[in-house]
1. Does residue 108 satisfy the condition of being closer than 24 Å to residue 169 by Cα, over 13 Å from the mean Cα position of the chain (by Cα) and free of Cβ contacts under 8 Å to residues at least 60 places away in the same chain?
2. Just one of 18, 65 is in contact with a strand residue (DSSP E or B) (Cβ under 8 Å, 6 or more places away or on another chain), within 16 Å of residue 146 (Cβ to Cβ), outside any loop (DSSP other than H, G, I, E, B) and touching a residue at least 24 places away in the same chain (Cβ under 8 Å); which is it?
3. In segment 130-158, which residues are surrounded by fewer than 23 Cβ atoms within 10 Å (Cβ to Cβ), within 11 Å of the chain's Cα centre (by Cα) and over 17 Å from residue 91 (Cα atoms)?
4. Take segment 135-161 and flag every residue that is within 26 Å of residue 70 (Cα to Cα) and out of contact with any strand residue (DSSP E or B) (no Cβ under 6 Å at 6 or more places or on another chain).
5. Among 74, 50, 57, which is touching a residue at least 60 places away in the same chain (Cβ under 8 Å) and either touching a helix residue (DSSP H, G or I) at 6+ places or on another chain (Cβ under 6 Å) or not in a strand (DSSP E or B) (or both)?
6. Which members of segment 77-104 meet the condition of being assigned to a strand (DSSP E or B) and either in contact (Cβ under 8 Å) with a residue 24 or more places away in the chain or surrounded by 13 or more Cβ atoms within 10 Å (Cβ to Cβ) (or both)?
7. Identify all residues within segment 5-15 that are loosely packed, with under 14 Cβ neighbours inside 10 Å and in a strand (DSSP E or B); write none if there are none.
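Every number in this text was worked out from the coordinates using simple rules, so none of it is lab data. Since we're looking at a predicted model, the values are computed, not measured. A quick note on method: Cβ atoms are made from the backbone with ideal geometry, for glycine too, and the neighbour counts reach across all protein chains shown.
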């Protein structure tokens, strides 16, 4: 299956990064990638949310699960943990996808979000994501997120934002796979 680049957005101190076109029935899989995303504030959590066709407000109902694995920069600490604060049971909040990257010039997050069959109007819309970041506490951290939009309407928009402040720099890309 071939991946086709549909849209690229470069952050420049933006509150949100939105993909508002091209999420349609042309593809059954959409992949979102972000590179070197740097929040303005330490510990700002990168999240995403969707809009169903004809809706606004980025508040679709989701059920999700999240866990992390990390390693301290000085090799003194490592852990793997379920992140219950990143779980939603029919919630409408922005879903955490990157835990708490640092806001320093050498700190950032990279990742991928897979969204399956968003144009289908019979079933829920499944997704999963994986990110890696330089965590604010001098850790290398990988975060895994999975879940579904609990709606049968088509999801036509996806938005990314951080929990506090803006996205200072970074590149976001959307691909269709078919």
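1. No, not satisfied.
2. 65 is the lone residue from the list that is in contact with a strand residue (DSSP E or B) (Cβ under 8 Å, 6 or more places away or on another chain), within 16 Å of residue 146 (Cβ to Cβ), outside any loop (DSSP other than H, G, I, E, B) and touching a residue at least 24 places away in the same chain (Cβ under 8 Å).
3. Across segment 130-158, the qualifying residues are 130, 144.
4. 136, 137, 138
5. On the way: 50 fails: either touching a helix residue (DSSP H, G or I) at 6+ places or on another chain (Cβ under 6 Å) or not in a strand (DSSP E or B) (or both); 57 fails: touching a residue at least 60 places away in the same chain (Cβ under 8 Å).
Only one candidate qualifies: 74.
6. Hits for segment 77-104 are 88, 89, 90, 91, 95, 96, 97, 98, 101.
7. Matches in segment 5-15: 5, 8, 10, 12, 13.
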